[in-house]
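Read the structure below first, then the notes.
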Amino acid sequence: MNELKSVLYLVATPIGNLDDMTFRAVKILSEVNVIAAEDTRHTRKLLTHFDIHTPLIRYDENNKDIAGTQIIERLKSGDNVACVSDAGLPAISDPGTDLVKLAIEANIKVVPIPGANAALSALICSGLDTTEFTFVGFLPKTQKKCREVLEHLKSHEETLIFYEAPHHLKATLQNILEVLGNRQAAIARELTKIHEEFIRGDLNELKAKFDNIEPRGEFVIVVAGSVNEISNVIDSSEYSLVELYKKFVNDGLDKKSAMREVAKKFNISRREVYKSVMELD
Ligand code: SAM
């Protein structure tokens with residue numbers, strides 16, 4: 001039995017595959033006094049599956065002010081509360097952030113119960129650089145604001161991670177392509193589910209995959225960071241063609257992008273770079 005009192009637990013739940021529920025999540029959700037859920041009907045199904053009978057209350061974007069205050073009162077009175085969203089980590093493109101702020105202000109202990117997350121699951125299988133990344137989440141829905149955000153991200157060298165709903169996927173890919181240029185990218189679809197799929201390539205290729213089909217399911221888009229910044233700070237006169245290629249690859253570019261950047265730097269065709277690089281093998 002949980003000995004702690006007045007703890008706010010942020011509990012991860014599966015993003016598709018129920019086997020991704022952790023033992024600790026089941027334990028905590030069974031032991032807390034109440035579970036604050038984004039959608040109580042959705043979470044009830046999860047609880048039923050794991051034979052958990054803890055009472056549920058709604059905590060979502062629409063009632064977060066009132067519900068947040070009530071939850072903090074319960075925590076102050078000694079109750080333990082778990083916050084869950086419909087899937088993955090609460091507070092990541094999901095309700096929870098404001099509740100955490102309120103809890104911290106009230107000197108309440110906040111404890112993470114880690115688990116499934118769509119962004120990181122997509123990133124690690126993307127084949128793109130994982131050393132530095134920016135989680136963008138959902139881009140704004142209006143074209144103008146969406147492009148403003150993308151313009152701001154354009155010079156970022158780190159990998160970018162976006163969430164998108166199926167009916168916006170095509171438009172979002174188009175916006176990303178137009179503002180950021182044709183970069184390497186990966187689309188992770190239906191992570192952890194039966195139809196899990198990774199589509200990798202440049203943004204033009206990814207967009208073309210959906211030319212004749214309507215996207216279905218849940219999607220994460222992972223896009224390589226800006227390569228221009230890396231090449232802009234390099235004086236190519238200090239390097240031979242092959243040395244520069246090797247440097248770009250060592251700096252984290254994939255081979256195709258490295259060849260493209262070398263071609264730009266030496267003002268020659270990619271084919272010529274390709275020939276020289278092939279002689280290396
Ligand atoms: N809190 C969640 C997390 O930790 O990943 C994210 C919730 S956000 C409201 C929902 C978005 O996450 C979806 O539109 C999609 O972009 C992404 N997502 C969630 N589950 C996914 C899955 N199984 N496969 C691919 N993307 C997923």
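Here are the numbers:
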{"item": "Test: residue in segment 229-236 that is in a helix (DSSP H, G or I), in contact (Cβ under 8 Å) with a residue 60 or more places away in the chain and either among the charged types (D, E, K, R) or open to solvent by 10 Å² or more (accessible area, probe 1.4 Å) (or both)", "result": "yes"}
{"item": "Extreme residue, farthest from the ligand (Cβ to nearest atom), among residues of segment 5-29 that are surrounded by fewer than 22 Cβ atoms within 10 Å (Cβ to Cβ) and under 16 Å from Gly78 (Cβ atoms)", "result": "Lys5"}
{"item": "The one condition in (1) open to solvent by less than 30 Å² (accessible area, probe 1.4 Å); (2) modelled with pLDDT under 80; (3) outside any loop (DSSP other than H, G, I, E, B) that Leu244 fails to fulfil", "result": "(2)"}
{"item": "Test set (1) modelled with pLDDT of 95 or more; (2) touching an Asp or Glu at 6+ places or on another chain (Cβ under 6 Å); (3) surrounded by fewer than 14 Cβ atoms within 10 Å (Cβ to Cβ) - Asn2 fails condition number", "result": "(1)"}
{"item": "Ala208 being over 18 Å from the mean Cα position of the chain (by Cα), more than 18 Å from Ala116 (Cα to Cα) and of a type in the set (Gly, Ala, Ser)", "result": "yes"}
{"item": "Matching residues in segment 158-203 - criterion: being aromatic (Phe, Trp, Tyr) and within 21 Å of Val227 (Cβ to Cβ)", "result": "Phe162"}
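Rundown of residues vs (1) more than 19 Å from the chain's Cα centre (by Cα); (2) free of Cβ contacts under 8 Å to residues at least 40 places away in the same chain, yes/no style:
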| residue | (1), (2) |
| --- | --- |
| Gly88 | no, no |
| Asp94 | no, no |
| Asp98 | yes, yes |
| Ala106 | yes, yes |
| Ile124 | no, yes |
| Gly127 | no, no |
| His156 | no, no |
| Pro166 | no, no |
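The values are calculated or read from the model by the stated rules, or taken from the named source; none is laboratory data. No experiment lies behind these values; they were computed from the predicted model shown. Cβ sites come from the backbone with ideal geometry, for glycine too, and all protein chains shown count toward neighbours. Note: areas computed on protein heavy atoms with side chains; ligands, DNA, RNA excluded. Shrake-Rupley method; radii C 1.70, N 1.55, O 1.52, S 1.80 Å.
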